[in-house]
Each structure stands twice: as C-alpha cells, then as structure tokens.
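> Here's a structure for you.
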Amino acid sequence: MEFSAGILGTGSALPEKVLTNFDLEKMVETSDRWITERTGIKERHLAGPQDTTSTLSVKASRKALETAGVAPQDLDLIICSTISPDMPLPSTAALIQRDLGARACCAFDLAAACSGFLFGMTVADQFIRNGKCKHVLVIGAELLSRYVDYKDRETCVIFGDGMAAAVMGPVSPPSGILASDLHTEGQYADHLYIPAGGTASPASPETVAKGGHYIKMRGNELFKVAVRNMEEVSRRVLEKAQVCADQVDLFIPHQANQRITEAVRERLGLAREKVYSNIDRIGNTSSASIPICLDECARAGRLKRGNMILMAAFGAGVTWGAVLMRW
Ligand SMILES: CC(C)(COP(=O)(O)OP(=O)(O)OC[C@H]1O[C@@H](n2cnc3c(N)ncnc32)[C@H](O)[C@@H]1OP(=O)(O)O)[C@@H](O)C(=O)NCCC(=O)NCCS
C-alpha cells in the first residue's frame, strides 16, 4: 500500500475556569497533599454553564482543521468519542458537523469512555486505508463535571473537562498508524458507571434524589485492571509492529492517575523522560485526555517527524487499547 493513516493536525479546547485542590478542600474532606500524593493532580478545568460538549469540541476541531490545512467541507467522516454528550439524541457529532459548517458527511458518536479516542483513531484508520475516506475528524470530548458529585471525594478530585481533536488522513509510510489493539470486558461494567438517566433507570425525582445521575467508581479495582491491561496492550502493539520498547520516543498514557502512569512506565521499562504527563494541570478528562496530550506535544515541538509514539488507555466498560504510530 502506498499510504497509511496518520494525523494531519490537532487542536484542543479547555474551559477557562480552573478548580484547584485548595478549592476542593473547601468542598469535601480532602487535602491538596492527599490528592497530589495519591493522584498527581493539582488542578482541573471546569466548563461554564453556557459551555456544552459540542461548543467546546467545535473550538478544538477548528484549531485541528486549521493546523491540518483542511476545510470543514473536505471532511468525509466525523467521529466524536464522548460519554458526556450534549443530549441523548441527536449525536454530538451531528451538532459538531452542523456548527463547523461541514458537508453532510457521515458523523457519529462513539462510547468507549477513556479509551474512546484510541477506538476512534482505529476506526478512522480502517476508513482511510480502505480508501472510503480521505479526511476524518476524530474528537475526544468530555464534560464530566455535569456527572460528578462534588460531595463524593473519591471522584470529584479526579475528573476534569476538556476537548481535543485530530484530523486524520493519508500519509506516506513509514509515518502513520503501525498497529492498534482494542478490548472491552463488560463483566467489569460496575467498576465505573452512571446508574440512571438511561433506559435501565430513566430520570425521575427518585433517581435525582438518590444521586443516580452521578459517576460511581470502584477506584481500587480499576487501578489494578488499568495497570495490568495498559501494560499488556502496549506490549501487544509493539509486538504486532515488531518494535522494541526502547524504540519508543514518546509514551502518551491516558491521564488517569500519575501512579498508574508510573507503574505502567516501570513495567514497560521506559525512561521517565519519554513519558508525557499533564495530569497535574488537567486531571482525568476521559476520552479527551490522550488527544489533549497529543496537541500539547505537537504545539510544543515535542513530536518530530519519524518519532515512534505509543498511546495506551483504559476506562469504563471496562475498555482498554493502544495505538502505535510514527509521526
Ligand atoms: C481513586 C484513587 C485515587 C484512590 O486512591 P487509593 O490510593 O486507591 O485510595 P483508597 O481508595 O485505597 O483509599 C485510601 C483512603 O483514602 C480515603 N480517600 C479517598 N478519596 C480521598 C480524598 N479525595 N481525599 C482524602 N482521602 C480520600 C479513602 O476513604 C480511604 O480511607 P480509609 O483508609 O480510611 O478507608 C485510586 O484508586 C485511583 O486512581 N484509581 C483509579 C481510578 C481511575 O482511574 N478512574 C478513572 C478510570 S478512567
């Protein structure tokens, strides 16, 4: 094949408001010290009342399109990875398509929680390589603050809001996606979930009174699954592409907890300086986490042509996956 699928441009958008650990100390029984030591997070961004997943995604997408030099009318597919859509229907991707002024191309949402951007990249890879699409906009967008209980100290310290996008298209080898690997194991669905608001438990005064619309998390169990699965799936993509861990120039893990990142890094035997982390400033933004990192790295000149980039994520479902690409 004369081409692979790669990233042509990235963009991100963070809401202006910042919630620090010191702000949280006033809201729940916690401390800056506990949050910093146990998670690595110092602050996170929170959307304002006027912001929605789609409005901030449009900002991120415009930056990605501009960087890629691709017009909205030239998009062939829009994939929005989110578990915090503007509304149950239509899809957030449809709203983004409308507000970008893109043509009536295929657009849909993808729900794979924190692994969603890597799932989206892998779907885009198929469409680009089989020639069905030239330009695919893949968005990772979460406005989780609408689903966080700011009385639950186990979750409110972790999550933040953010959006990022990548325009993907054909690139000349050896650049582009080299390997990807995706998984879902529904038997752990109750490790991270929102009980109400869907068909199983439609919104009612009772679901609201019980806090059923907030994120419920079993942090300890998730921690163990995350470390094991992110290591395994990273090894699998390296093996598929016949690349050694020491050939990786940059590892971008899902920003869930700095201790998870550190444990995975150690198990993979990667040098500390090869691992990107922004969790101290951004927190866990679920499917936006990896593309925000990518955009920061691209804009800071940290991604050089030919660099080997490994990305790995895990999230609710549970889902997990990895993508190995050459910039
Ligand atoms: C949630 C998480 C940070 C908790 O850290 P931990 O080191 O596992 O802490 P534990 O759950 O064992 O709790 C230790 C103690 O701290 C307390 N604690 C929990 N949250 C706290 C907070 N924000 N501030 C202060 N104390 C807290 C617990 O109540 C517990 O107290 P106890 O010993 O008196 O019972 C960690 O498990 C984690 O990051 N898990 C992965 C979660 C994740 O990634 N979710 C998103 C998936 S994409």
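> Please indicate, with yes or no, whether at least one residue in region 238-246 is within 23 Å of the chain's Cα centre (by Cα), within 16 Å of the ligand (Cβ to nearest atom) and modelled with pLDDT of 95 or more.
Within region 238-246, none of the residues are within 23 Å of the chain's Cα centre (by Cα), within 16 Å of the ligand (Cβ to nearest atom) and modelled with pLDDT of 95 or more.
> Please indicate, with yes or no, whether at least one residue in region 17-29 is more than 16 Å from the ligand (Cβ to nearest atom), open to solvent by 20 Å² or more (accessible area, probe 1.4 Å) and free of Cβ contacts under 8 Å to residues at least 40 places away in the same chain.
There is at least one residue in region 17-29 that is more than 16 Å from the ligand (Cβ to nearest atom), open to solvent by 20 Å² or more (accessible area, probe 1.4 Å) and free of Cβ contacts under 8 Å to residues at least 40 places away in the same chain.
> Return yes or no: is Ser61 of a type outside the set (Phe, Trp, Tyr), within 18 Å of Ala141 (Cα to Cα), crowded, with 23+ Cβ neighbours inside 10 Å and in contact with a Ser or Thr (Cβ under 7 Å, 6 or more places away or on another chain)?
Criteria not met by Ser61.
> Continuing with the same structure: Restricting attention to region 37-55, and to residues there that are touching a residue at least 40 places away in the same chain (Cβ under 8 Å) and within 16 Å of the ligand (Cβ to nearest atom), which single residue is most open to solvent (accessible area, probe 1.4 Å)?
Arg38
> Also, quick follow-up: Can you name the condition, by its number, that Ile177 falls short on among (1) in a strand (DSSP E or B); (2) in contact with a Lys or Arg (Cβ under 8 Å, 6 or more places away or on another chain); (3) β-branched (Val, Ile, Thr)?
Against the list (1) in a strand (DSSP E or B); (2) in contact with a Lys or Arg (Cβ under 8 Å, 6 or more places away or on another chain); (3) β-branched (Val, Ile, Thr), Ile177 comes up short only on (2).
> Moving to a separate point now. So, in region 276-327, how many residues would count as being open to solvent by 20 Å² or more (accessible area, probe 1.4 Å) and in contact with a Pro (Cβ under 7 Å, 6 or more places away or on another chain)?
The qualifying residues number 1.
> Sticking with this structure for a sec: Does region 87-118 hold any residues that are under 27 Å from Ile158 (Cα atoms), under 17 Å from the mean Cα position of the chain (by Cα) and open to solvent by 40 Å² or more (accessible area, probe 1.4 Å), and which are they?
Of everything in region 87-118, those that are under 27 Å from Ile158 (Cα atoms), under 17 Å from the mean Cα position of the chain (by Cα) and open to solvent by 40 Å² or more (accessible area, probe 1.4 Å) turn out to be Asp109, Ala111.
The values are calculated or read from the model by the stated rules, or taken from the named source; none is laboratory data. Small disclaimer: the values here were computed from a predicted structure and weren't measured. Positions of Cβ are backbone-derived with ideal geometry, glycine not excepted, and every protein chain shown enters the neighbour counts. When the accessible area is computed, the model is the full protein with side chains, heavy atoms only, and any ligands, DNA or RNA have been set aside. Shrake-Rupley method; radii C 1.70, N 1.55, O 1.52, S 1.80 Å.
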